[in-house]
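Below is one structure, written out as structure tokens; comments come after it.
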Amino acid sequence: MIDDDPTVHDLMARSLAREGFEVVVASGGAEGLRKAREVRPAAITLDVFMPGMDGWGVLNELKADPELAEIPVILVTISDDRKRACLLGAAEFLQKPVEPERLLAVLQRCQPDRVAGPVLVVDDDAASRDLAARVLRKHFGEVIEAGDGRTALECVARRKPGLIVLDLTMPGMNGFDFIAALRQVEDWREIPIAVLTAREVNAEERKRLSPAARILRKGDFPGVALAHEIADLLRGCQMVRHKLLEESH
């Protein structure tokens, strides 16, 4: 927790400690960076307006350090510059005053669950595929890569993935055709799909996508933000399955 206000330290630290979190506090940007390197925390809460190095400078330093860049950073501030926070890579943006329950919920979302099976990343662009694979491997475990739709189907046939991250524009079998083929096998229809694409998807094309799919724009979700979006997708799919099971009983 990086904040120059001791009242914030006391209030937030006590409420989070009651929920089982171990909290390390820093009263300024330079101290916060030093402690982040020493502790390697699971998440960082960061104020913007501090004397000396402000929160924007701290966030820049964190994201520029390969050893710290993937730590989720939650901005907790009176600032309303949410867009700047997202562009700099913040995982979440909360305006003060923040209810402890709200902060707790955000921190819990910063710990994505493992998926039931490997993550299959399907993209013909090797650089994009590698970037997504590195992020997902860190947060969700095993990752399998495929450069086109047909190769991806072969991967699914060999071993059913717990999640598919899919580009739409690929030579040969594109993302739409891949999803259509996936639907032909009953056991594959409910695999969660995160569509990660640089193109605009119109209303007609959305209808062709799996109901289990979420559409994400390439570049909008760098690093850990991509893992958070996919964790939300997985939680949503789990809730739907639980509801269907309850209705069947």
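The values are calculated or read from the model by the stated rules, or taken from the named source; none is laboratory data. On a predicted model such as this, the values are computed, not experimentally measured, just so you know. Because the Cβ atoms are built from the backbone with ideal geometry, glycine has one as well, and the counts that use them run over all protein chains shown. Ligands, DNA and RNA are excluded from the accessible area calculation, which covers all protein heavy atoms including side chains. Shrake-Rupley method; radii C 1.70, N 1.55, O 1.52, S 1.80 Å.
Please go through the range 170-192 and give me each residue that is more than 24 Å from the chain's Cα centre (by Cα) and of a type in the set (D, E, K, R), ordered by number.
Correct list: Asp177, Arg183, Glu186, Asp187.
Counting only residues that are modelled with pLDDT of 80 or more and in a loop (DSSP other than H, G, I, E, B), which one in the range 72-90 is surrounded by the fewest Cβ atoms within 10 Å (Cβ to Cβ)?
Ile78
Among the numbered conditions (1) part of a helix (DSSP H, G or I); (2) at pLDDT below 90, tell me where Glu22 comes up short.
Checking Glu22 against (1) part of a helix (DSSP H, G or I); (2) at pLDDT below 90, the one that fails is (1).
For the range 57-71: of the residues being open to solvent by 60 Å² or more (accessible area, probe 1.4 Å) and touching a residue at least 24 places away in the same chain (Cβ under 8 Å), which is farthest from Glu31 (Cα to Cα)?
Looking at the filtered set, the residue picked out is Glu67.
If the requirement is being at negative phi, within 22 Å of the chain's Cα centre (by Cα) and surrounded by fewer than 22 Cβ atoms within 10 Å (Cβ to Cβ), which of these qualifies: Ala42, Ala30, Ala36?
Residue meeting the stated conditions: Ala42.
Mind checking whether some residue in the range 8-15 is basic (Lys, Arg) and outside any loop (DSSP other than H, G, I, E, B)?
Checked against the condition, which is being basic (Lys, Arg) and outside any loop (DSSP other than H, G, I, E, B), the range 8-15 yields at least one hit.
Name, by its number, the condition in (1) of a type outside the set (Ser, Thr, Tyr); (2) surrounded by fewer than 17 Cβ atoms within 10 Å (Cβ to Cβ); (3) more than 18 Å from Leu131 (Cβ to Cβ); (4) at pLDDT below 70 that does not hold for Arg206.
The one condition Arg206 does not meet is (4).
Looking at the structure I just gave you, is Asp10 at pLDDT below 85 and open to solvent by 30 Å² or more (accessible area, probe 1.4 Å)?
yes
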